[in-house]
Amino acid sequence: VHISDLSWSKKIKHPSEFCKVGDKLDVVVLEIDGENRRLSLGHKQLEENPWDVFETIFTVDSVHQGTVMNVNDKGATIGLTYGVEGFCPSRHLNKVDGTSLKAEEVADFKVIEFSKDAKRIVVSHARLHEEVKDEVRKADKATKAAEADEAKKAVKKVKDNQEKTTLGDISALSDLKDKM
């Protein structure tokens, strides 16, 4: 049984993490190579692929609570529900106050990428508060635009209500006209 055929969701680096010598394990025959006298066996194939279900749960832009399991230079491994692990790039680990999440911290994460084929979920904590800031900026911009429109309307109303002076209204020109 190849390591990749032991479990759908756990990343197993060595078979001893999954079972011990002498353990009985139910398996399915995946391939028979009669020429080389080899059998290819799989254990995970006995169960339904949970990534089919995860695809509906961990949709892009959905928010889930997770625990930072370990942090390295490139990012962090995040433990999500159902025993699934996600990856959070280091630039997406920032909190609202600018500090970075540390190991064993629990926080909310937004799914920014889901790949069933690669069995990979990329999440972001920073996107949550960045989007809130963007919404506040958009609301401020809309308010300022509405105030500017109101100011333009008020100025136009004042200008429309003012009497306009024409050349005929000026008394000196009016007298000149009479003389002609």
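The values are calculated or read from the model by the stated rules, or taken from the named source; none is laboratory data. Owing to the predicted nature of the structure, the values given are computational and were not obtained by experimental measurement. Reconstructed Cβ throughout: ideal geometry from the backbone, glycine too, with neighbour counts over all protein chains shown. What goes into the accessible areas is simple: the full protein's heavy atoms, side chains included, and nothing from ligands, DNA or RNA. Shrake-Rupley method; radii C 1.70, N 1.55, O 1.52, S 1.80 Å.
May I ask you to list the GluC sites (Glu not before Pro) in segment 1-95 that are in a DSSP loop and have at most 11 other Cβ atoms within 10 Å of their Cβ?
In loop regions of segment 1-95 (DSSP not H, G, I, E or B), the sparsely surrounded GluC sites (Glu not before Pro) are Glu35, Glu47, Glu48.
Per 10 Å bin from zero, what fraction in whole % of the C-alpha pairs of segment 1-63 is there, up to the bin with the longest pair?
With 10 Å bins starting at 0, P(r) equals 18, 39, 28, 11, 3, 0.
At 1.4 Å probe size, with the rest of the protein present, what percent of the exposed accessible area of segment 23-180 is carbon and sulfur atoms?
Ligands and nucleic acids excluded, carbon and sulfur give 50 percent.
Would you please classify the overall shape of segment 79-156 from the alpha carbon gyration tensor, given that a ≥ b ≥ c denote the square roots of the eigenvalues, rounded means a/c under 1.5, and beyond that prolate means a/b larger than b/c while oblate covers the rest? Let's see the in-between values first.
On the way: a/c = 4.82, a/b = 2.68, b/c = 1.80.
Prolate is the answer for segment 79-156, as a/c is 1.5 or above and a/b outweighs b/c.
By the scheme Lys and Arg +1, Asp and Glu -1, what is the net charge of all other residues having a beta-carbon under 13 Å from that of Val29? Spell out each step's value before the answer.
Values: positive: Arg38; negative: Asp5, Asp26, Glu31, Asp33.
My count for the surroundings of Val29 gives -3.
Calculate the translational D of the chain in whole µm² s⁻¹ from Stokes-Einstein, where the hydrodynamic radius comes from the Kirkwood formula applied to all Cα pairs, the temperature is 20 °C and the viscosity 1.002 mPa s.
95 µm²/s
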